[in-house]
Amino acid sequence: MFSQKTYTTRRETLKKNMGKGLLLFLGNDEASCNYENNTYPYRQDSTFLYYFGLNYAGLSAIIDIDEGREIMFGDELTVDDIVWMGTQPTLHEKCSATGISELMPSASLADYLKKAQQKAQQIHFLPSYRPEHKIKLWNLLDVRPGEENSSEDFVKAVVDMRNYKTEEEIDEIEKACLITADMHLAAMKTIRPGIYEYEVAAAVQEVAQRNNCTLSFPIIASIDGQTLHNHYHGNKIKAGDLFLVDAGAETQRGYAGDMSSTTPVGGKLTERQREIYKIQSAMHDKSVEALKPGIAFEEIYNISARVMVEGLKQVGLMKGDACEAVNEGAHALFYPHGLGHMMGLDVHDMENLGEIYVGYGGKPKSHQFGRRSLRLARDLETGFVHTIEPGIYFIPELIDQWKTKNKLAHFINYELAETYKNFGGIRNEEDYLITETGARLLGKRIPRTVEEIET
């Protein structure tokens, strides 16, 4: 946890911004894996963490702006709990650390909300993403699953606070990024012909755990880098493969790091790999150079895509005007995802609250393939933390589909693209803070140019 003042100040700001009503926060419960008492690793809801700091299961909270009350709902541990879990702080002690003095049993939450409904008080809640939240909203407010109508005002108020990182948050993210960088360095030192992907994944996870961190998302460690979210780790690694790792650490306070690296197995790139790697590196460099407050992140994405098109023209894979190719979406055959996403208490920060609010500032998203996958497009502002992660991929099924339709053939050399089907993919990723004058790399630099990665 941060200091008590951090959480009380956050709640006061939220109350001021909302003005009136009742704000309902549902903490996460334990989630069973294959039987009730064998649970997945516990992770508290990030917005609950942001305003209350309590990383414990079985809690809910209310900020009743109209009544001037802040109430935590939960139950003290029984002796049976302590037998299995050991001595724990009391609920009163936990709440005192976050500045909450009013406690009520969990069972009284329903009665409190029922009384609020009877007096026609406006009850605000956030979008639900876990099954127990949906069931709780049904039981507490008679909101049926699939019919949740969360409060847009509440969502906007939370997003407008969490998007801007404070100094103590930046310090915590930096800590996660430093450990994340070490995770990737460990992977680079482990990768060699003859071992399996899961051995690299194990080396990556060891670094996180050795630094008292968890993973901010499941590890991607694969020779099949063309599959964007590939969590299979069963392939044997051979010389000449490109090995893509996407992994991040999460600190005890819940803040995330997120980096990607692509390493040639055996230490040297082939000539074809070298050509594509240099293009991806140029995409990354030009994106970073453009970072500053006031520029739309979508424009930086456009810059990265135009750099890729110009590079692929040089090797014969694309043709025509780069601006027109990007406007029409031809680049997405080789670059089918966005350039980056916000990052903080969630590795994709506040994704459960909606990309329209978090990454677009309320503006509509594009429906164009590739561009529609941008998680961040809005104007950048001081205090934003986000990733930069352009990539180049050769996805056989996508090449086949586009070629069959002769899609955008005036920009794409399909005959040559056919010969790249066994190439895989390249992605390198870093984390940046937008400052008053530009941007600052968080963590430390890991090898990502041709020369650095071969060294």
### Query
So is Ile179 touching a Phe, Trp or Tyr at 6+ places or on another chain (Cβ under 8 Å), surrounded by fewer than 23 Cβ atoms within 10 Å (Cβ to Cβ) and among the aliphatic types (A, V, I, L, M) or not?
no
## Note on the structure
Here the residues within the range 26-53 that are outside any loop (DSSP other than H, G, I, E, B) and either out of contact with any strand residue (DSSP E or B) (no Cβ under 8 Å at 6 or more places or on another chain) or among the small types (Gly, Ala, Ser) (or both) are Ser32, Asn34, Tyr35, Ser46, Leu49, Tyr50
### Scope the range 125-142; condition over 25 Å from the mean Cα position of the chain (by Cα) and either in contact (Cβ under 8 Å) with a residue 12 or more places away in the chain or within 20 Å of Tyr51 (Cβ to Cβ) (or both); matching residues
Lys136, Leu137, Asn139, Leu140, Leu141
### Query
Within the range 339-363, how many residues are assigned to a loop (DSSP other than H, G, I, E, B) and acidic (Asp, Glu)?
2
### Message
Looking for something assigned to a loop (DSSP other than H, G, I, E, B), closer than 30 Å to Arg43 by Cα and modelled with pLDDT of 95 or more - is there at least one such residue anywhere in the range 314-337?
### Response
yes
### Query
With the range 368-455 as the region, which strands (runs of 3 or more DSSP E) entirely inside it contain at least 1 residues that are crowded, with 17+ Cβ neighbours inside 10 Å and charged (D, E, K, R)?
424-427, 430-434
### Query
Among (1) open to solvent by 40 Å² or more (accessible area, probe 1.4 Å); (2) touching a Gly at 6+ places or on another chain (Cβ under 9 Å), where does Tyr255 come up short?
(1)
### Task
Could you tell me whether any residue of the range 360-367 is of a type outside the set (Ser, Thr, Tyr), within 26 Å of Asp400 (Cβ to Cβ) and either modelled with pLDDT of 95 or more or surrounded by 19 or more Cβ atoms within 10 Å (Cβ to Cβ) (or both)?
yes
### Message
I need every pair where a residue in the range 1-30 that is touching a residue at least 12 places away in the same chain (Cβ under 8 Å) has its Cβ under 8 Å from the Cβ of a residue that is among the acidic types (Asp, Glu) and crowded, with 18+ Cβ neighbours inside 10 Å, sequence separation at least 6 or different chains.
### Response
Arg11/Glu70; Leu22/Asp64; Leu23/Asp64; Phe25/Asp45; Leu26/Asp45; Gly27/Asp45; Asn28/Asp45
### Task
Can you tell me which residue among His229, His184 is within 20 Å of the chain's Cα centre (by Cα), surrounded by 22 or more Cβ atoms within 10 Å (Cβ to Cβ) and more than 30 Å from Phe52 (Cβ to Cβ)?
His184
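Condition check ((1) within 20 Å of Ser106 (Cβ to Cβ); (2) at pLDDT 95 or above; (3) open to solvent by 40 Å² or more (accessible area, probe 1.4 Å)) across all residues:
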position	(1), (2), (3)
Gly21	no, yes, no
Phe25	yes, yes, no
Asn34	no, yes, yes
Asp45	yes, yes, no
Tyr51	yes, yes, no
## Note on the structure
Being exposed (fewer than 14 other Cβ atoms within 10 Å of the Cβ), under 28 Å from Thr166 (Cα atoms) and touching a strand residue (DSSP E or B) at 6+ places or on another chain (Cβ under 8 Å) narrows Glu93, Glu102, Glu70 down to just Glu102
## Note on the structure
Checked against (1) in contact (Cβ under 8 Å) with a residue 12 or more places away in the chain; (2) part of a helix (DSSP H, G or I); (3) farther than 28 Å from Glu132 by Cβ; (4) out of contact with any Asp or Glu (no Cβ under 7 Å at 6 or more places or on another chain), Val155 satisfies every condition except (3)
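The values are calculated or read from the model by the stated rules, or taken from the named source; none is laboratory data. Since this is a predicted model, take the numbers as computed values, not measurements. Note that each Cβ is placed from the backbone with ideal geometry, even for glycine, and that neighbours are counted across all protein chains shown. Surface accessibility is based on the protein's heavy atoms, side chains included, excluding ligands, DNA and RNA. Shrake-Rupley method; radii C 1.70, N 1.55, O 1.52, S 1.80 Å.
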